[in-house]
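Following: one structure in structure tokens, then a few remarks.
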Ligand code: PAF
């Protein structure tokens, strides 16, 4: 595995691969890799000739300084996992390599910026689109792989790709779960034993809505799912909403098709998100 930390070095590597006519898959990450990330690497290896993984904890997408400081950075372990899982190129730049001081980014994220994650994490998607645009520009991938756990992020990036007519195909990959159902996330390592046990409620609430979808009205489903979070003082629910799969508009009619239920909740000090496609 080649490890590069500057855009100039990366351009040389990418140029050589392109000259050989090889297709490139990009898996953008912020490190602290788990089996969810590794499943993206696996899909990239199946679909593209060469897999590039980026590890960059992007400061502009954190609305909370503490969250940025506490973000896990087990870089040696990440490198080992990537080597063992067939990554070809690891791009791991420093912040100064990706950002000029005082740089601005005026991309209009649109409606998705004011809903769900956009509402609770103001500016988050501005930062995500800013860095993903830069990564696409640096790597020039044919395909880029994103996990369904960050479904709203996928929709936002998809819109950006269309808005700028970027020549990259996005591939949405299934959520990878722990045996008890908790969606894999880099933040899970910050949960203590009790929080870890409690965190399964996110999955249980999503599953409850999916399994009882035809049994209750929307209001009942919502209320009963919310009640699951009321019983434990470690939990602070931000939202659990049934939405249109393409627009994330909140839906309250059973005639609607293509639905997804999304949840965000603090478990102790750790903010977790999850979702499940209903139809
Ligand atoms: O999903 C993530 O890990 C990040 O938001 C991403 C896409 C790597 C951008 O920093």
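Things to note:
- Once you reduce segment 90-139 and segment 38-89 to the center of their Cα atoms, the two points are 16 Å from each other.
- All Cα pairs of the chain, percent lying beyond 34 Å: 20
- Once the Cα gyration tensor of segment 6-121 is diagonalised, semi-axes √(5λ) in Å: 27, 18, 16
- Estimated inter-spin distance, residue 75 and residue 230, nm [label 7 Å along Cα→Cβ]: 4.8
- Here the simple spin-label model places points 7 Å from the Cα toward Cβ, and for residue 46 and residue 212 these points are separated by 3.5 nm.
- Taking every DSSP bridge with both residues inside the chain, close to 50 percent are antiparallel.
- Fully extended contour minus Cα-Cα distance, from residue 170 to residue 16, at 0.36 nm per residue: 53.1 nm
- Rounded, prolate or oblate (a/c below 1.5 giving rounded, otherwise prolate when a/b exceeds b/c) for segment 179-265 by Cα gyration tensor: prolate
- Distance from segment 197-265 to segment 1-30 (C-alpha centre basis), Å: 41
- Protection-proxy order for peptides 102-108, 181-187, 270-276, 58-64, each taking the mean of Cβ atoms within 10 Å per residue, highest first: 270-276, 181-187, 58-64, 102-108
- Shape of segment 205-253, Cα gyration tensor, a/c cut at 1.5: oblate
- Cα gyration tensor shape of segment 46-173, rounded if a/c is under 1.5, else prolate or oblate by comparing a/b with b/c: oblate
Each value in this text was obtained by applying a stated rule to the coordinates, not by laboratory testing. Note that this is a predicted model, so its numbers are computed, not measured. Cβ: placed from backbone, ideal geometry, glycine included. Neighbour counts: every protein chain shown.
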